[in-house]
Structure formats: C-alpha cells, structure tokens
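The values are calculated or read from the model by the stated rules, or taken from the named source; none is laboratory data. The shown structure was predicted, so the numbers you read here are calculated from the model rather than taken from an experiment. Neighbour counts run over all protein chains shown; Cβ positions are idealised from the backbone, glycine included. Ligands, DNA and RNA are excluded from the accessible area calculation, which covers all protein heavy atoms including side chains. Shrake-Rupley method; radii C 1.70, N 1.55, O 1.52, S 1.80 Å.
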Amino acid sequence: MFGKECKKAAFSIPFLLLVLVTFLMYWSQIGPDYLSQSKKLTEPQPGENYGTTESNDPELVMPAALDSLYAEFTANSYTTYPIGFYHTVKLSGKDTEKMAGLLSELTGKTPEELLARLDTDAYEPNSVLAVIGEDGEIIPTAPQKNAQNSVSPVPGPAYDRFEELMAQVDSLLGGGSDYAPNSLSGFGRRAKTYEEALADYRAAKGIDHFSGAHARLFSDYMTLFSALLPAFLMVSECLRDRRAKMRDLIWARRVSSLRIAAVRYFSTVLLSMLPILLLAAVDTVRSVFLYTGQTVDLFAYFKYTGGWILPTVMISAATGMFLTEATDTPIGLAVMLLWWFLDLNGNIFQMGGGYAGFSLCPRHNSILGAQVFADHFWALAANRILLAALSLILLGASALILEAKRKGRWFSYDSFKARFNSRKAGSEA
Amino acid sequence: MTASKRVLTAARLDLKRNFLPHLCLALLLVLLTPVLFGLNDLDTQGSAVPLELMMPLTGILLLTPIFLPEQDPAVRDVVAVRSVPLWQTYSARALYSLLFLCLLPALLILCMGFLRSQVTPDLWLDAVSSSLLLGGLGALSYTLTDNIAAAYMVPVLYYVVNFGLGSKLGTFWLFSAMSGSSASKLPQLFLGLLLLAVSIPFRVHEKA
C-alpha cells in the first residue's frame with residue numbers, strides 16, 4: 001500500500017513541481033559556488049581582513065545607540081520590528097515625556113532641553129528606511145542623521161544601568177526595537193580580530209569537521225522551501241480521492257483510518273525529502289573533494305537533513321493533511337503560507353543562529369558560527385523534537401477525523417455548503 | 001429572461017454560493033495587514049511594504065478558484081448545457097473577482113491615508129498589477145493541470161521566489177517599490193490579464 005501511494009504521488013503534477021522548485025531554489029539561492037575554492041574554510045593568517053562582528057563593547061555601543069535614539073526622539077518616529085515586520089511608532093505626549101526622562105539620564109541634558117528639540121530635522125531628507133537583502137529579507141537601514149543634532153552619553157554610568165534604561169526604552173516603544181538588550185550588540189559592530197577569526201576556524205574544524213559548516217548553510221536555505229512544498233503535495237493527495245470519486249470505495253475497505261492516513265502522510269514526507277537527500281549526497285561528495293587531505297564528517301549532510309530539515313517537512317505535511325481532512329478544502333495551504341511568512345520575517349534577527357522559540361525554519365545563514373551552534377544546540381534540538389512531535393499528533397488527529405468521516409459523523413465544508421444553499425434556496429422560494 | 005439578465009442572475013448566485021469563502025479569506029488577509037504591519041506615518045516607500053507583501057496574495061485567493069465550482073466533470077457538463085454559455089459564466093466570475101481585486105487594495109490605501117501615510121494612485125495600481133499577475137498565473141495553472149493544489153502552488157512559489165531572486169526578475173519583481181525602484185508594474189498588469197484571458201477559452205474548450 002505504501003509503495004502504491006508513493007508511486008501515485010511520484011507521478012503527480014505537484015510532486016514534479018516540488019522537485020523542479022527544489023532544484024531551482026538550490027541553484028539560485030545556495031548555488032554550486034558555496035562548495036567552491038573561494039568559499040573554502042581556511043586558516044586565517046595575521047594581517048588579513050576577517051570581516052566584522054557584533055560586540056557589547058560599551059565604548060562602541062553606548063554612543064551609537066544613543067545617537068540613533070536621539071535622532072528618532074527628535075523626529076518622534078521610532079522604527080521597531082515587534083514580529084519581524086516594520087513598524088513606525090509615534091509616541092503620545094505623555095510617553096514622549098517619559099522618553100525624555102530616560103534620555104535625560106543617559107545624556108545629562110534636562111528633559112526640557114530635550115523636549116525643545118522635538119520636531120527638528122533629525123534625518124536627512126529621503127533617507128532609506130529599509131532595503132531588500134540578497135536573500136529577500138527586509139533589512140532595516142539607519143536613516144542618515146542631521147549632523148547638527150548630536151548627543152553623547154553621560155560619562156560614568158555602568159553598562160548594566162545603560163542596558164536597564166534601554167530596556168525601558170524598548171518597552172515604551174512596544175518591543176522589537178534595536179534598543180532591546182539582546183539587540184544592542186548591533187550598535188557595536190567592529191572589525192573581527194585575528195584571534196576571533198582563528199577561534200571561528202578552529203570551531204569549524206573541531207566541531208563541524210568542515211562539511212558540517214557547509215551542511216548547516218545548506219539546511220538553512222533548504223528548510224525555507226521545505227516549509228511550504230510538502231503541504232502542496234499533501235493537500236493534493238488528500239483531495240485526490242474525492243476528485244476521482246474513489247472516496248467511498250476506499251472508505252469501505254477494511255484497512256484502518258490510521259493506516260490510510262499514515263501511509264499517505266509518510267509517502268508524502270518521503271517524496272518531499274528525496275530531492276533534498278539527493279542534493280545532500282552530491283554535496284557530501286563535493287565537500288570531500290574540496291577538503292582533500294583534511295578530515296570531513298561524511299554524515300554531516302545527512303545528520304543536518306534528518307535533524308534540521310525533516311521536522312519542518314513533517315510539520316508542513318501534517319498541517320496540510322489535518323486541515324484538508326478537517327475541512328475538505330485546500331485551506332491548509334493558506335495557513336502554511338501565513339505561518340511561513342510570519343516565521344521568515346520573525347527570524348530576521350536570528351540569521352546567525354540562536355534558534356529561539358517555536359521556529360518553523362530555524363536560521364543559521366553563515367558558514368561560520370560553529371560555536372553558536374554548539375552553544376544553542378539544545379534549544380535547536382528542543383525546537384525540532386517539538387515540531388516532529390506536533391506533526392505526529394496532527395497525523396493522529398487526521399486519522400480520527402477520517403474515521404469520523406467514514407462513519408458519517410464529521411461535519412464537512414461540503415455538507416455545510418449544501419445546507420446553507422438549500423436553506424437560502426428555500427427562503428428565496 | 002434576456003441573455004444579459006440570465007448572466008447577471010448566474011453571477012449573483014455564483015457570488016453568493018461559491019465566491020463568498022474566497023472573498024472572506026481575502027478580506028481576512030486585508031484585515032490582518034494592519035495587525036502585522038504598522039500603517040501609520042509611513043513615507044511612500046514604507047507604504048509600499050504592506051501593499052507589496054500582502055496584496056498580491058489576494059489575487060491568488062480571488063482568481064485561482066474561478067473554475068473550481070466545475071472541477072467535477074459531471075457538474076461541468078450540466079453547467080455547459082445551460083442557457084448561459086460557459087465562457088460567459090467564467091467571464092462574469094473573472095470580472096467580479098477583478099472588481100474586488102481592485103477594491104481591496106483601495107480599501108487598505110484609504111486606511112493608510114487616514115493614518116497619515118503617504119499613499120499615491122501608483123501604489124494602488126502596483127498592488128492591482130501584482131495581484132492580477134499572481135491571480136492570472138493561478139487561473140492558467142488550474143486550467144492546465146486541473147489540480148487545485150498545483151494551481152495554488154505556481155503563484156505561491158512565484159511569490160516565494162521573489163524573495164530570493166529579487167531584482168533579477170526585472171519588471172516582474174513583486175517587491176520593487178518597497179526597495180526604492182520606481183519602475184512601472186504595467187507589464188505585470190498586462191501579463192496577468194493575458195494569462196486570465198487565455199485561461200478562459202482554454203477551460204471552456206478543454207475535453208470538448
């Protein structure tokens with residue numbers, strides 16, 4: 001039964017589109033380049049440019065954060081991203097006074113002096129507030145500040161107190177601002193040192209064995225599309241029997257509802273994973289050739305595919321199945337799209353790892369960061385296990401709904417529509 | 001009953017019985033927009049963000065299912081022998097879907113205007129153009145595949161691809177205005193109309 005189901009789904013249009021899009025997205029987003037000589041992880045040498053990094057250095061963070069906050073204060077226009085989407089906050093009179101009070105403690109100016117600077121030109125005209133990045137994410141950009149508006153932090157306050165005040169600022173703005181304590185390091189961007197670059201390389205060698213670093217980046221990109229594609233395949237399979245008028249024939253069989261649901265579900269998951277596994281195998285071979293003479297983890301790609309990508313595929317298919325069985329409509333597609341959309345934007349502040357929360361597609365959009373991965377491994381593992389468990393619960397729920405339908409006990413969209421239309425027709429008559 | 005009256009009656013009944021759930025979903029999307037995005041005090045480029053990210057999805061919701069009531073061949077055969085030709089039924093559906101496709105962004109833009117955001121007629125036209133492109137893609141996909149999941153898949157994946165490929169899509173990039181580009185989206189409008197127009201005769205003459 002499982003073989004037959006796989007065969008039927010494998011020759012369906014949604015599966016062909018799934019394979020096509022998977023390869024297209026791999027080619028356009030990751031590209032064969034990511035396992036080329038130019039992207040190879042090599043031991044840094046002294047005196048090179050190692051890129052930049054964020055830091056919590058008070059001497060960098062405090063003036064930059066304060067500068068930004070003061071510019072937004074004078075314009076009474078604050079940029080926040082409470083759920084990953086761009087918001088402009090304008091404070092009321094009362095809240096503006098509170099903000100002036102916080103700024104007063106930070107800058108040493110009196111609240112009256114600060115309030116007198118309201119509505120002055122804080123930004124240069126036509127400042128760009130956001131651009132689209134290479135990966136399609138929305139990247140906020142700092143507006144160009146008017147050089148005449150300038151403040152400095154009051155010398156002396158401990159960084160802890162500074163963080164407390166900034167947390168109050170963030171709270172006043174409704175959250176999601178750059179002034180939240182875990183976002184302040186964005187103001188402390190500086191050049192990476194040789195020691196830091198060497199530590200990154202050693203982590204990539206010791207923890208990732210090189211191939212793991214590339215596999216993690218592979219998983220980061222592939223998970224994005226794996227969150228949507230299986231839902232389409234699953235919905236198509238669930239609606240196929242109704243379309244072909246085979247429902248009654250299948251439901252009359254002795255096979256249990258759980259078995260029908262499980263076979264359909266696992267065949268969809270397997271087929272969705274096939275193109276990803278193929279790409280993982282190819283890239284394993286490529287990584288061996290790229291790091292010839294060095295020890296690579298031959299199973300890294302498969303470990304990441306199973307541990308990182310598979311739970312996302314499972315939950316996508318399970319959500320599609322559950323909502324399709326419950327409603328007999330393709331509404332599962334809309335739900336998955338919305339979830340994916342919210343997750344994509346909600347994760348823009350965790351592109352370098354972190355894996356916090358109930359994330360559909362955990363992000364780690366960098367070849368480096370092995371130590372970040374190791375430090376937050378259990379957060380990621382908990383997230384993945386939770387999604388996998390939830391998907392199995394939804395599978396069980398789908399089987400129960402199917403069982404109820406077979407016994408004629410389920411209130412479906414079709415019966416609702418039929419009743420609604422007959423009632424209206426009756427009243428019109 | 002005259003022919004035009006028959007078409008109008010068919011369209012009215014169709015609107016009530018088949019179109020309403022899709023319209024409700026599209027309305028829900030519009031209502032969700034101010035929840036997800038701040039709509040107040042945005043400049044023109046900032047105003048483009050919610051319009052370009054959310055409005056194209058209404059095109060998928062409103063235009064992709066215009067052939068869905070006749071997905072069952074038996075139903076299609078019955079409808080085909082009615083006094084209202086099938087192409088007129090489909091055209092009426094496309095027309096009232098287009099009407100709502102134009103109304104929904106207008107509604108959102110009006111709200112944004114009240115919230116002191118800088119909105120222009122060009123933003124409305126851009127939103128309609130992108131919606132029409134995705135909707136036309138969906139309608140034609142359904143005609144070609146006769147599979148509702150595949151029909152939704154094509155425009156949704158085009159939408160997703162726009163996040164990644166970005167400016168490489170040229171005039172067919174859905175998110176150009178919010179990235180600062182002032183390029184016209186009329187090519188999207190024309191292509192969307194063309195796809196929709198082609199899908200109707202295709203569907204009518206399918207399996208004829």
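Couple of notes before you dig in:
- Residue in region A:18-38 that is farthest from the other protein chains (Cβ to nearest Cβ), counting only those that are open to solvent by less than 40 Å² (accessible area, probe 1.4 Å) and either part of a loop (DSSP other than H, G, I, E, B) or under 21 Å from B:A150 (Cα atoms) (or both): A:S36
- If you go through region B:34-56 and keep only what is open to solvent by 20 Å² or more (accessible area, probe 1.4 Å) and part of a helix (DSSP H, G or I), you end up with B:P34, B:V35, B:T44, B:Q45.
- Matching helices (runs of 4 or more DSSP H) fully within region A:164-274 where at least 1 residues are surrounded by 23 or more Cβ atoms within 10 Å (Cβ to Cβ) and among the aromatic types (F, W, Y): A:211-226, A:229-243
For (1) over 16 Å from A:A180 (Cα atoms); (2) free of Cβ contacts under 8 Å to residues at least 40 places away in the same chain; (3) open to solvent by 10 Å² or more (accessible area, probe 1.4 Å), each residue gets a yes or a no:
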{"position": "A:V61", "(1), (2), (3)": "no, no, no"}
{"position": "A:L69", "(1), (2), (3)": "no, no, no"}
{"position": "A:E72", "(1), (2), (3)": "no, no, yes"}
{"position": "A:A75", "(1), (2), (3)": "yes, no, yes"}
{"position": "A:K90", "(1), (2), (3)": "yes, yes, yes"}
{"position": "A:K94", "(1), (2), (3)": "yes, yes, yes"}
{"position": "A:E97", "(1), (2), (3)": "yes, yes, yes"}
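- Filtered by the rule that a residue be of a type in the set (K, R) and at pLDDT below 80, region B:61-116 gives B:R76, B:R82.
- Test for A:R286: is it basic (K, R) and farther than 19 Å from A:P230 by Cβ: yes
- Across region B:16-33, the number of residues qualifying as surrounded by 16 or more Cβ atoms within 10 Å (Cβ to Cβ) and more than 18 Å from B:L98 (Cα to Cα) comes to 1.
- The single residue among A:A65, A:A71, A:A9 that is within 30 Å of A:L224 (Cβ to Cβ) and assigned to a helix (DSSP H, G or I) turns out to be A:A9.
- From the options B:A149, B:A177, B:A139, residue that is within 14 Å of chain A (Cβ to nearest Cβ) and open to solvent by less than 10 Å² (accessible area, probe 1.4 Å): B:A149
- Restricting region B:4-15 to residues that are touching a residue at least 24 places away in the same chain (Cβ under 8 Å), more than 18 Å from the chain's Cα centre (by Cα) and open to solvent by less than 70 Å² (accessible area, probe 1.4 Å), the residue that is farthest from A:H87 (Cα to Cα): B:V7
- Comparison of A:V313, A:V282 shows that the only residue that is surrounded by fewer than 15 Cβ atoms within 10 Å (Cβ to Cβ) and either in a helix (DSSP H, G or I) or out of contact with any Phe, Trp or Tyr (no Cβ under 7 Å at 6 or more places or on another chain) (or both) is A:V282.
- Output for region B:152-174, where each listed residue is at the interface with another protein chain (Cβ under 8 Å from one of its Cβ atoms) and crowded, with 20+ Cβ neighbours inside 10 Å: B:Y152, B:M153, B:V154, B:V156, B:L157, B:V160, B:V161, B:N162, B:F163
- Failed item, numbered, when A:E113 is tested on (1) under 21 Å from A:E163 (Cβ atoms); (2) more than 14 Å from every other protein chain (Cβ to nearest Cβ); (3) of a type in the set (D, E): (1)
- B:D41 being within 30 Å of B:Q118 (Cβ to Cβ), at the interface with another protein chain (Cβ under 9 Å from one of its Cβ atoms) and over 21 Å from the mean Cα position of the chain (by Cα): yes
- Residue in region B:123-135 that is within 14 Å of another protein chain (Cβ to nearest Cβ) and touching a helix residue (DSSP H, G or I) at 6+ places or on another chain (Cβ under 8 Å) present: yes
- Selection within region A:225-235 - modelled with pLDDT under 90 and within 8 Å of another protein chain (Cβ to nearest Cβ): A:F225
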